[in-house]
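The structure appears right after this line, and notes come after that.
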Amino acid sequence: MSQELISNRIGTDVGQSSRTRRLARRILCGRLGQIKIGQIMLQESDWQKCCGSDPSFMAQIQIHDPRFYSLTLRRGALGAAEAYVNGWWSSEDLVGLLRLMVRNLKHSDRLGGWRSLLRRPVELVSQALRSNTRSGSRRNIHAHYDLGNDFFKLFLDDTMTYSAGIFPTVESTLQEASETKLDRLIAKLGLGPDDHLLEIGTGWGSMSIRAARTTGCRVTTTTISREQAREARERVTASGLQDQITILETDYRDLQGTFDGVVAVEMIEAVGHRFLPAFFQACSERLNPEGRLVLQAIAMPDHRYARYLRNTDFIREVVFPGSCCPSVAAMNQAVSDNTDLKLTHLEDMAPHYAMTLHRWRVRFNEQLDQVRELGLDDQFIRMWDYYLSYCEAGFAEDYIRSVQMVYERNDNRIMTSLDPIPELETTS
């Protein structure tokens, strides 16, 4: 995301008088005092206030600019995120603070503030403008993935895998987690050297390279990110697999041919709820009768999905415009209504995504000088730090799901025996 895009989406001044800000502080403290789980210590240079009555867990917010209060009241959680990006507040443990807020959100939505509802018509128009039509998809993908390959290399492992890994143990490296995840998806596809795999969403080529190398299959993979396509072609050539792997820059709706398997690794989040039927219909049309569709997806819990669609959040507003994390029920409904496929396998791996995000965040914060050398300023750094922390908290608290799913026409086909995904305990 460019500096211009960030400045367009993040406000810098809400134009409040000092009296209004004091009032906003008092109101926000009152609302935060309603939290049922944990306590939040608000601190300014000459003032502090403890909010909440449960001392089991304490989180801290250091206020650097009193405009934080008004913006948070006016725009709810999105306003708090924008204030963080602006540098108006910080926390000694941002992930811990966000986890505390998530725990409370599971019980009540009062903390968002009723004034956030005033923005809903604007937010819905904003989402409509970012709809994932063919042209809209390219624009939305460009806003996130075309930051530059050198940026993503700073915190991803050597496979350049930008999706949840599976950690065999808590001591496993990020690369080991990425390779374990890729191997699990490949095993679920059940491919051999005579098969042809279609991958929708190339990333930087880790899935196609791993599949071609370990099974001998041919791979056709497609992306609508120019930067990713360029880097993936270089990596495929360096791997010596250019005769097995074909990289396209084609929208999934325009693909041709049939394949022995279709895989999409955390690509469906870029499809959008409105286009789920078209996506699954396209996958079904590309799949041979005996083939499998294997997905890895970030998913909203079923019971929160309708509300999620009615609102917006930091990710959809700032980080990844046009994105939508569908629920498992929504995906199954789209499959049932538009194809003859059926769900035959599902695994949940949310703790592994929390660990993946933690590793990315640590690596990112170790490379801040290099981030700045790429021309990205402190506002961008705070935005990215908040994004990684926000997502880590959501997965650690099981507020967001990370799933692998298998769809097929013939459920009599034997799947390779797999050990259960290792259990990981996330620190509280």
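Here Ala24 meets the list (1) buried (at least 17 other Cβ atoms within 10 Å of the Cβ); (2) touching a residue at least 40 places away in the same chain (Cβ under 8 Å); (3) not in a helix (DSSP H, G or I) almost entirely, failing just condition (3).
Ile298 falls short of the stated requirement of being part of a helix (DSSP H, G or I) and either closer than 20 Å to Gly148 by Cα or within 16 Å of the chain's Cα centre (by Cα) (or both).
The set of residues from the range 189-223 being assigned to a helix (DSSP H, G or I) and either touching a Cys at 6+ places or on another chain (Cβ under 7 Å) or charged (D, E, K, R) (or both) comprises Arg210, Ala211, Arg213. Just checking, does the range 132-143 include any residue being modelled with pLDDT of 50 or more, closer than 20 Å to Phe314 by Cα and surrounded by fewer than 22 Cβ atoms within 10 Å (Cβ to Cβ)? Scanning the range 132-143, I find at least one residue that is modelled with pLDDT of 50 or more, closer than 20 Å to Phe314 by Cα and surrounded by fewer than 22 Cβ atoms within 10 Å (Cβ to Cβ), so the answer is yes. Among the criteria (1) out of contact with any His (no Cβ under 9 Å at 6 or more places or on another chain); (2) of a type in the set (Val, Ile, Thr); (3) at pLDDT below 95, the one Val319 does not fulfil is (1). Residue pairs whose Cβ atoms lie under 7 Å apart, sitting 6 or more positions apart in sequence or on different chains, and linking a residue in the range 410-428 that is farther than 18 Å from Glu171 by Cα and among the aliphatic types (A, V, I, L, M) to a partner that is surrounded by 10 or more Cβ atoms within 10 Å (Cβ to Cβ) and modelled with pLDDT of 75 or more, are Met415/Lys188; Met415/Gly190; Met415/His345; Leu418/Arg184; Leu418/Ala187. Scan the range 249-256 and give yes if some residue there is touching a helix residue (DSSP H, G or I) at 6+ places or on another chain (Cβ under 9 Å), at pLDDT 95 or above, closer than 24 Å to Leu343 by Cβ and outside any loop (DSSP other than H, G, I, E, B), otherwise no. Within the range 249-256, one or more residues are touching a helix residue (DSSP H, G or I) at 6+ places or on another chain (Cβ under 9 Å), at pLDDT 95 or above, closer than 24 Å to Leu343 by Cβ and outside any loop (DSSP other than H, G, I, E, B).
For Ile6, the conditions (1) touching a helix residue (DSSP H, G or I) at 6+ places or on another chain (Cβ under 8 Å); (2) surrounded by fewer than 21 Cβ atoms within 10 Å (Cβ to Cβ); (3) modelled with pLDDT of 90 or more all hold with the exception of (3).
So for the range 62-70 (the condition being part of a helix (DSSP H, G or I), of a type in the set (A, V, I, L, M, F, W, C) and crowded, with 19+ Cβ neighbours inside 10 Å), does at least one residue qualify? Scanning the range 62-70 turns up at least one residue that is part of a helix (DSSP H, G or I), of a type in the set (A, V, I, L, M, F, W, C) and crowded, with 19+ Cβ neighbours inside 10 Å.
Does any residue of the range 211-219 turn out to be of a type in the set (Ser, Thr, Tyr), within 27 Å of Leu357 (Cβ to Cβ) and crowded, with 22+ Cβ neighbours inside 10 Å?
There is no residue in the range 211-219 that is of a type in the set (Ser, Thr, Tyr), within 27 Å of Leu357 (Cβ to Cβ) and crowded, with 22+ Cβ neighbours inside 10 Å.
The values are calculated or read from the model by the stated rules, or taken from the named source; none is laboratory data. Just so you know, these numbers come straight off a predicted model, no measurement behind them. Heads up, the Cβs are rebuilt from the backbone with ideal geometry, glycines too, and the neighbour counts pull from every protein chain shown.
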